[in-house]
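Some notes on the structure that comes next.
The values are calculated or read from the model by the stated rules, or taken from the named source; none is laboratory data. Everything quoted here is computed from the prediction, not taken from an experiment. Here the Cβ positions follow ideal geometry from the backbone for every residue, glycine too, while neighbour counts run over all protein chains shown. Areas reflect the complete protein model, heavy atoms only, side chains present, ligands, DNA and RNA absent. Shrake-Rupley method; radii C 1.70, N 1.55, O 1.52, S 1.80 Å.
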Amino acid sequence: MSGAPVVLDGRAVAREVRAKAAAEAATLTRPPGLATILVGDDLASAVYVRNKRRECVAAGMLDLHRHLPASAGQAEVAAVVDELAADPEVTGILLQLPLPAHLDPVALIERIPPHKDVDGLTSASAGRLALGRPGLRPCTPSGVLALLDAYGHDLSGAEAVVVGRSELVGRPMAALLLERDATVTICHSRTRDLPAVCRRADLLVVAAGRPGLIRADAVRPGATVIDVGIHRHPDGLRGDVDFPSVSRVAGVISPVPGGVGPMTIAMLLANTVAAAHLT
Ligand code: NAD
(Lines give C-alpha, C1' and ligand atoms only; values in the text may rest on other atoms or scores of the structure.)
Protein backbone atom coordinates (compact mmCIF):
# COMPACT_ATOMS: atom_id res chain seq x y z
CA MET A 1 0.00 0.00 0.00
CA SER A 2 1.31 3.41 -0.83
CA GLY A 3 1.30 6.28 1.64
CA ALA A 4 2.18 6.39 5.31
CA PRO A 5 -0.15 4.57 7.71
CA VAL A 6 -2.13 6.26 10.46
CA VAL A 7 -0.01 5.84 13.60
CA LEU A 8 -2.24 5.53 16.66
CA ASP A 9 -1.27 7.89 19.48
CA GLY A 10 -1.71 5.86 22.66
CA ARG A 11 -0.24 8.61 24.82
CA ALA A 12 -2.87 11.13 23.71
CA VAL A 13 -5.78 8.68 24.03
CA ALA A 14 -4.52 7.50 27.43
CA ARG A 15 -4.43 11.12 28.59
CA GLU A 16 -8.09 11.49 27.64
CA VAL A 17 -9.05 8.24 29.40
CA ARG A 18 -7.18 9.31 32.55
CA ALA A 19 -8.82 12.75 32.50
CA LYS A 20 -12.26 11.16 32.15
CA ALA A 21 -11.53 8.78 35.06
CA ALA A 22 -10.35 11.72 37.19
CA ALA A 23 -13.47 13.76 36.35
CA GLU A 24 -15.68 10.81 37.23
CA ALA A 25 -13.77 10.13 40.46
CA ALA A 26 -14.33 13.76 41.49
CA THR A 27 -18.10 13.31 41.28
CA LEU A 28 -18.13 10.48 43.83
CA THR A 29 -18.86 11.17 47.49
CA ARG A 30 -15.87 9.02 48.51
CA PRO A 31 -12.71 8.86 46.38
CA PRO A 32 -12.03 5.45 44.82
CA GLY A 33 -9.09 3.63 46.46
CA LEU A 34 -6.61 1.45 44.57
CA ALA A 35 -4.69 -1.13 46.59
CA THR A 36 -1.66 -2.37 44.67
CA ILE A 37 0.17 -5.30 46.26
CA LEU A 38 3.86 -5.77 45.52
CA VAL A 39 5.61 -8.82 46.92
CA GLY A 40 9.40 -8.66 46.82
CA ASP A 41 11.66 -6.21 45.01
CA ASP A 42 11.61 -7.22 41.35
CA LEU A 43 12.86 -4.08 39.63
CA ALA A 44 10.46 -4.07 36.66
CA SER A 45 7.44 -4.80 38.91
CA ALA A 46 8.49 -2.02 41.30
CA VAL A 47 8.57 0.45 38.38
CA TYR A 48 5.15 -0.69 37.08
CA VAL A 49 3.60 -0.38 40.55
CA ARG A 50 5.16 3.04 41.12
CA ASN A 51 3.66 4.28 37.86
CA LYS A 52 0.22 2.89 38.70
CA ARG A 53 0.29 4.52 42.13
CA ARG A 54 1.43 7.86 40.72
CA GLU A 55 -1.34 7.93 38.10
CA CYS A 56 -3.89 6.86 40.67
CA VAL A 57 -3.02 9.83 42.92
CA ALA A 58 -2.92 12.20 39.93
CA ALA A 59 -6.49 11.12 39.12
CA GLY A 60 -7.66 12.00 42.65
CA MET A 61 -7.87 8.43 43.91
CA LEU A 62 -6.48 6.99 47.12
CA ASP A 63 -3.19 5.12 46.94
CA LEU A 64 -3.61 2.20 49.35
CA HIS A 65 -0.42 0.34 48.37
CA ARG A 66 0.96 -2.66 50.29
CA HIS A 67 4.53 -3.87 50.00
CA LEU A 68 5.43 -7.30 51.36
CA PRO A 69 8.91 -8.81 51.59
CA ALA A 70 9.98 -11.46 49.06
CA SER A 71 9.99 -13.93 51.96
CA ALA A 72 6.23 -13.48 52.61
CA GLY A 73 4.41 -16.80 52.65
CA GLN A 74 1.18 -17.76 50.90
CA ALA A 75 -0.90 -17.32 54.09
CA GLU A 76 0.61 -13.89 54.78
CA VAL A 77 -0.18 -12.58 51.29
CA ALA A 78 -3.63 -14.20 51.40
CA ALA A 79 -4.35 -12.41 54.68
CA VAL A 80 -3.47 -9.05 53.10
CA VAL A 81 -5.75 -9.74 50.11
CA ASP A 82 -8.57 -10.72 52.49
CA GLU A 83 -8.09 -7.60 54.58
CA LEU A 84 -8.23 -5.38 51.46
CA ALA A 85 -11.23 -7.31 50.20
CA ALA A 86 -13.11 -6.43 53.40
CA ASP A 87 -11.96 -2.79 53.56
CA PRO A 88 -14.66 -0.39 52.27
CA GLU A 89 -12.01 2.25 51.46
CA VAL A 90 -10.53 -0.15 48.89
CA THR A 91 -12.44 -0.16 45.62
CA GLY A 92 -9.81 -1.96 43.53
CA ILE A 93 -7.16 -4.60 44.31
CA LEU A 94 -4.23 -5.27 42.00
CA LEU A 95 -1.79 -8.06 42.78
CA GLN A 96 1.36 -7.27 40.80
CA LEU A 97 2.65 -10.27 38.86
CA PRO A 98 4.93 -12.12 38.67
CA LEU A 99 5.08 -13.18 42.30
CA PRO A 100 8.12 -14.85 43.89
CA ALA A 101 8.29 -18.50 42.74
CA HIS A 102 7.21 -20.00 46.10
CA LEU A 103 3.79 -18.32 45.90
CA ASP A 104 0.74 -19.62 44.00
CA PRO A 105 -0.59 -16.63 42.03
CA VAL A 106 -3.85 -18.28 40.94
CA ALA A 107 -4.94 -19.06 44.51
CA LEU A 108 -4.18 -15.48 45.57
CA ILE A 109 -5.94 -13.86 42.59
CA GLU A 110 -9.03 -15.96 43.30
CA ARG A 111 -9.32 -14.31 46.75
CA ILE A 112 -9.98 -10.93 45.11
CA PRO A 113 -13.75 -10.27 45.07
CA PRO A 114 -14.98 -9.83 41.46
CA HIS A 115 -16.28 -6.29 42.22
CA LYS A 116 -12.72 -5.24 43.25
CA ASP A 117 -10.94 -7.16 40.49
CA VAL A 118 -9.62 -4.13 38.57
CA ASP A 119 -7.14 -6.31 36.65
CA GLY A 120 -10.02 -8.54 35.49
CA LEU A 121 -7.99 -11.68 36.15
CA THR A 122 -10.17 -13.73 38.50
CA SER A 123 -12.02 -16.69 37.01
CA ALA A 124 -15.28 -14.90 37.91
CA SER A 125 -14.31 -11.88 35.77
CA ALA A 126 -13.00 -14.11 32.96
CA GLY A 127 -16.21 -16.16 33.07
CA ARG A 128 -18.38 -13.05 32.87
CA LEU A 129 -16.37 -11.84 29.88
CA ALA A 130 -16.58 -15.24 28.18
CA LEU A 131 -20.36 -15.23 28.66
CA GLY A 132 -20.70 -11.63 27.50
CA ARG A 133 -21.97 -10.47 30.89
CA PRO A 134 -21.02 -7.16 32.55
CA GLY A 135 -17.88 -7.18 34.67
CA LEU A 136 -14.41 -5.70 35.07
CA ARG A 137 -12.25 -6.40 32.00
CA PRO A 138 -8.46 -6.90 31.85
CA CYS A 139 -6.73 -3.55 31.33
CA THR A 140 -4.46 -4.22 28.34
CA PRO A 141 -7.07 -5.69 25.96
CA SER A 142 -9.69 -3.15 27.02
CA GLY A 143 -7.02 -0.51 26.36
CA VAL A 144 -6.68 -1.84 22.80
CA LEU A 145 -10.43 -1.43 22.32
CA ALA A 146 -10.41 2.08 23.80
CA LEU A 147 -7.58 3.02 21.45
CA LEU A 148 -9.48 1.71 18.42
CA ASP A 149 -12.69 3.40 19.62
CA ALA A 150 -10.91 6.73 19.95
CA TYR A 151 -10.11 6.56 16.24
CA GLY A 152 -13.66 5.51 15.33
CA HIS A 153 -12.67 2.01 14.23
CA ASP A 154 -15.70 -0.08 13.29
CA LEU A 155 -15.26 -3.65 14.54
CA SER A 156 -18.64 -5.10 13.62
CA GLY A 157 -18.17 -7.85 11.05
CA ALA A 158 -14.41 -7.24 10.81
CA GLU A 159 -12.00 -10.16 10.38
CA ALA A 160 -9.93 -9.94 13.56
CA VAL A 161 -6.88 -12.12 14.20
CA VAL A 162 -5.34 -12.20 17.68
CA VAL A 163 -1.82 -13.64 17.99
CA GLY A 164 -1.40 -15.05 21.52
CA ARG A 165 -3.75 -16.85 23.90
CA SER A 166 -2.53 -15.75 27.34
CA GLU A 167 -4.99 -15.19 30.17
CA LEU A 168 -3.71 -11.64 30.50
CA VAL A 169 -3.99 -10.48 26.89
CA GLY A 170 -4.82 -12.88 24.04
CA ARG A 171 -7.89 -14.68 25.42
CA PRO A 172 -9.66 -11.63 26.85
CA MET A 173 -8.75 -9.67 23.71
CA ALA A 174 -10.48 -12.27 21.55
CA ALA A 175 -13.54 -12.28 23.83
CA LEU A 176 -13.77 -8.48 23.77
CA LEU A 177 -13.57 -8.42 19.98
CA LEU A 178 -16.27 -11.08 19.78
CA GLU A 179 -18.41 -8.93 22.07
CA ARG A 180 -18.01 -6.18 19.43
CA ASP A 181 -19.23 -8.54 16.69
CA ALA A 182 -15.86 -9.11 15.01
CA THR A 183 -15.14 -12.51 13.41
CA VAL A 184 -12.28 -13.65 15.62
CA THR A 185 -9.42 -16.07 15.00
CA ILE A 186 -6.89 -16.84 17.74
CA CYS A 187 -3.34 -17.84 16.78
CA HIS A 188 -0.74 -19.31 19.10
CA SER A 189 2.61 -21.06 19.12
CA ARG A 190 1.16 -24.18 17.41
CA THR A 191 -0.59 -22.30 14.62
CA ARG A 192 0.43 -23.62 11.19
CA ASP A 193 1.50 -20.91 8.75
CA LEU A 194 1.03 -17.89 11.00
CA PRO A 195 1.60 -15.31 8.21
CA ALA A 196 -1.17 -16.87 6.09
CA VAL A 197 -3.71 -16.70 8.93
CA CYS A 198 -2.66 -13.16 9.86
CA ARG A 199 -3.09 -12.02 6.25
CA ARG A 200 -6.84 -12.67 6.58
CA ALA A 201 -7.09 -9.90 9.16
CA ASP A 202 -8.68 -6.51 8.79
CA LEU A 203 -7.54 -6.10 12.39
CA LEU A 204 -4.40 -7.88 13.63
CA VAL A 205 -3.66 -7.74 17.37
CA VAL A 206 -0.28 -9.18 18.29
CA ALA A 207 0.51 -10.29 21.84
CA ALA A 208 3.03 -13.10 21.43
CA GLY A 209 5.99 -11.79 23.41
CA ARG A 210 8.32 -12.41 20.44
CA PRO A 211 10.18 -9.33 19.21
CA GLY A 212 9.60 -8.58 15.53
CA LEU A 213 7.50 -11.75 14.99
CA ILE A 214 5.09 -10.07 12.57
CA ARG A 215 6.64 -8.83 9.34
CA ALA A 216 5.10 -7.31 6.22
CA ASP A 217 4.36 -10.74 4.70
CA ALA A 218 1.82 -11.37 7.50
CA VAL A 219 -0.17 -8.18 6.89
CA ARG A 220 -2.91 -7.54 4.37
CA PRO A 221 -2.39 -4.17 2.65
CA GLY A 222 -4.39 -1.52 4.48
CA ALA A 223 -4.99 -3.65 7.60
CA THR A 224 -4.99 -2.26 11.15
CA VAL A 225 -2.12 -3.67 13.22
CA ILE A 226 -2.04 -3.38 17.01
CA ASP A 227 1.21 -4.30 18.73
CA VAL A 228 0.87 -5.30 22.40
CA GLY A 229 4.43 -6.65 22.74
CA ILE A 230 7.02 -4.86 24.84
CA HIS A 231 10.71 -5.76 24.68
CA ARG A 232 13.67 -3.85 26.02
CA HIS A 233 16.47 -3.29 23.54
CA PRO A 234 19.67 -1.36 24.12
CA ASP A 235 18.30 1.38 21.86
CA GLY A 236 14.79 1.51 23.41
CA LEU A 237 11.52 -0.43 23.50
CA ARG A 238 10.38 -2.69 20.65
CA GLY A 239 7.21 -4.63 19.98
CA ASP A 240 6.16 -7.95 18.48
CA VAL A 241 5.64 -6.20 15.14
CA ASP A 242 8.52 -5.26 12.85
CA PHE A 243 7.43 -1.63 12.58
CA PRO A 244 9.70 -0.53 9.68
CA SER A 245 8.48 -3.24 7.27
CA VAL A 246 4.86 -3.47 8.50
CA SER A 247 4.25 0.28 8.41
CA ARG A 248 4.87 0.15 4.66
CA VAL A 249 1.86 -2.20 4.26
CA ALA A 250 -0.56 -1.43 7.10
CA GLY A 251 -3.24 1.25 6.88
CA VAL A 252 -3.24 1.86 10.64
CA ILE A 253 -0.57 0.82 13.14
CA SER A 254 0.14 1.24 16.85
CA PRO A 255 3.76 2.05 17.69
CA VAL A 256 5.95 0.75 20.52
CA PRO A 257 6.48 2.76 22.64
CA GLY A 258 3.51 5.12 22.70
CA GLY A 259 0.78 2.74 21.50
CA VAL A 260 -0.92 0.16 23.73
CA GLY A 261 1.53 0.60 26.64
CA PRO A 262 0.14 3.90 28.00
CA MET A 263 -3.43 2.61 27.63
CA THR A 264 -2.97 -0.14 30.24
CA ILE A 265 -2.61 2.15 33.28
CA ALA A 266 -5.31 4.47 31.92
CA MET A 267 -7.73 1.53 31.80
CA LEU A 268 -6.72 0.54 35.33
CA LEU A 269 -7.90 3.98 36.49
CA ALA A 270 -11.12 3.61 34.48
CA ASN A 271 -11.69 0.20 36.07
CA THR A 272 -11.01 1.57 39.56
CA VAL A 273 -13.67 4.25 39.08
CA ALA A 274 -16.07 1.66 37.63
CA ALA A 275 -15.37 -0.59 40.64
CA ALA A 276 -16.26 2.28 42.99
CA HIS A 277 -19.81 2.02 41.67
CA LEU A 278 -19.85 -1.68 42.54
CA THR A 279 -18.53 -1.52 46.13
P1 NAD B 1 2.60 -14.85 27.22
O2 NAD B 1 4.01 -15.30 27.05
O3 NAD B 1 1.84 -15.20 28.44
O4 NAD B 1 1.74 -15.39 25.99
C5 NAD B 1 2.26 -15.36 24.67
C6 NAD B 1 1.30 -16.04 23.74
O7 NAD B 1 1.81 -15.94 22.41
C8 NAD B 1 1.10 -17.52 24.02
O9 NAD B 1 -0.27 -17.81 24.02
C10 NAD B 1 1.81 -18.22 22.86
O11 NAD B 1 1.10 -19.38 22.43
C12 NAD B 1 1.80 -17.18 21.77
N13 NAD B 1 3.01 -17.30 20.94
C14 NAD B 1 4.29 -17.33 21.36
N15 NAD B 1 5.11 -17.47 20.30
C16 NAD B 1 4.34 -17.51 19.21
C17 NAD B 1 4.61 -17.66 17.82
N18 NAD B 1 5.86 -17.77 17.37
N19 NAD B 1 3.56 -17.68 16.98
C20 NAD B 1 2.29 -17.55 17.42
N21 NAD B 1 1.98 -17.41 18.73
C22 NAD B 1 3.00 -17.39 19.62
O23 NAD B 1 2.64 -13.26 27.01
P24 NAD B 1 1.55 -12.12 27.39
O25 NAD B 1 1.52 -11.90 28.86
O26 NAD B 1 0.29 -12.35 26.65
O27 NAD B 1 2.30 -10.85 26.76
C28 NAD B 1 2.57 -10.77 25.37
C29 NAD B 1 3.41 -9.55 25.08
O30 NAD B 1 2.68 -8.39 25.47
C31 NAD B 1 4.71 -9.48 25.87
O32 NAD B 1 5.70 -8.88 25.06
C33 NAD B 1 4.38 -8.59 27.04
O34 NAD B 1 5.51 -7.89 27.53
C35 NAD B 1 3.41 -7.64 26.40
N36 NAD B 1 2.45 -7.03 27.32
C37 NAD B 1 2.26 -5.70 27.18
C38 NAD B 1 1.34 -5.07 28.00
C39 NAD B 1 1.11 -3.61 27.83
O40 NAD B 1 0.70 -2.93 28.74
N41 NAD B 1 1.34 -3.08 26.63
C42 NAD B 1 0.64 -5.78 28.98
C43 NAD B 1 0.82 -7.15 29.07
C44 NAD B 1 1.74 -7.77 28.22
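Of everything in segment 174-193 that's near the ligand (Cβ under 9 Å from one of its atoms) and in contact with a strand residue (DSSP E or B) (Cβ under 6 Å, 6 or more places away or on another chain), which residue is least open to solvent (accessible area, probe 1.4 Å)?
Taking the candidates together, the pick is Cys187.
Filter segment 98-115 for residues that are within 19 Å of the chain's Cα centre (by Cα) and touching a residue at least 60 places away in the same chain (Cβ under 8 Å); which is farthest from Ala78 (Cα to Cα)?
Across segment 98-115, the extreme among qualifying residues is His115.
Any residue in segment 167-186 that's in contact (Cβ under 8 Å) with a residue 12 or more places away in the chain: show its pairings with residues that are among the polar types (S, T, N, Q) and part of a helix (DSSP H, G or I) at Cβ separation under 6 Å, as long as the two are six or more apart or on different chains.
Taking only residues 6 or more apart or on different chains, the pairs are Val169/Thr140.
Sort through Ala266, Ala270, Ala276, Ala250 and tell me the only one that's more than 16 Å from the ligand (Cβ to nearest atom), modelled with pLDDT of 95 or more and within 22 Å of the chain's Cα centre (by Cα).
Only one candidate qualifies: Ala276.
Looking only at segment 1-60, count how many residues are of a type outside the set (A, V, I, L, M), out of contact with any strand residue (DSSP E or B) (no Cβ under 9 Å at 6 or more places or on another chain) and under 30 Å from Gly251 (Cα atoms).
9
Collect the residues in segment 41-74 that are open to solvent by less than 50 Å² (accessible area, probe 1.4 Å) and charged (D, E, K, R), keeping them in residue-number order.
Lys52, Glu55, listed by residue number.
Is it the case that segment 142-150 has a residue that's within 14 Å of Val206 (Cβ to Cβ), buried (at least 23 other Cβ atoms within 10 Å of the Cβ) and free of Cβ contacts under 8 Å to residues at least 60 places away in the same chain?
So far as segment 142-150 goes, no, none of its residues is within 14 Å of Val206 (Cβ to Cβ), buried (at least 23 other Cβ atoms within 10 Å of the Cβ) and free of Cβ contacts under 8 Å to residues at least 60 places away in the same chain.
Select from segment 212-222 the residues that are more than 8 Å from the ligand (Cβ to nearest atom) and either more than 19 Å from Pro5 (Cα to Cα) or assigned to a loop (DSSP other than H, G, I, E, B) (or both) and write down the one among them that is most open to solvent (accessible area, probe 1.4 Å).
Residue satisfying both the conditions and the ranking: Arg215.
Which of the residues spanning segment 145-172 are near the ligand (Cβ under 9 Å from one of its atoms) and either of a type in the set (Ser, Thr, Tyr) or in a helix (DSSP H, G or I) (or both)?
Across segment 145-172, the qualifying residues are Ser166, Gly170, Arg171.
Could you please find all residues in segment 232-246 being open to solvent by less than 20 Å² (accessible area, probe 1.4 Å) and either more than 14 Å from the ligand (Cβ to nearest atom) or in contact (Cβ under 8 Å) with a residue 60 or more places away in the chain (or both)?
Those that are open to solvent by less than 20 Å² (accessible area, probe 1.4 Å) and either more than 14 Å from the ligand (Cβ to nearest atom) or in contact (Cβ under 8 Å) with a residue 60 or more places away in the chain (or both): Asp240, Ser245, Val246.
Anything in segment 79-111 that is open to solvent by less than 10 Å² (accessible area, probe 1.4 Å) and either in a helix (DSSP H, G or I) or not assigned by TED's automatic domain parsing to the domain that holds Arg53 (or both)? List them, or say none.
Result: Val81, Leu84, Leu108.
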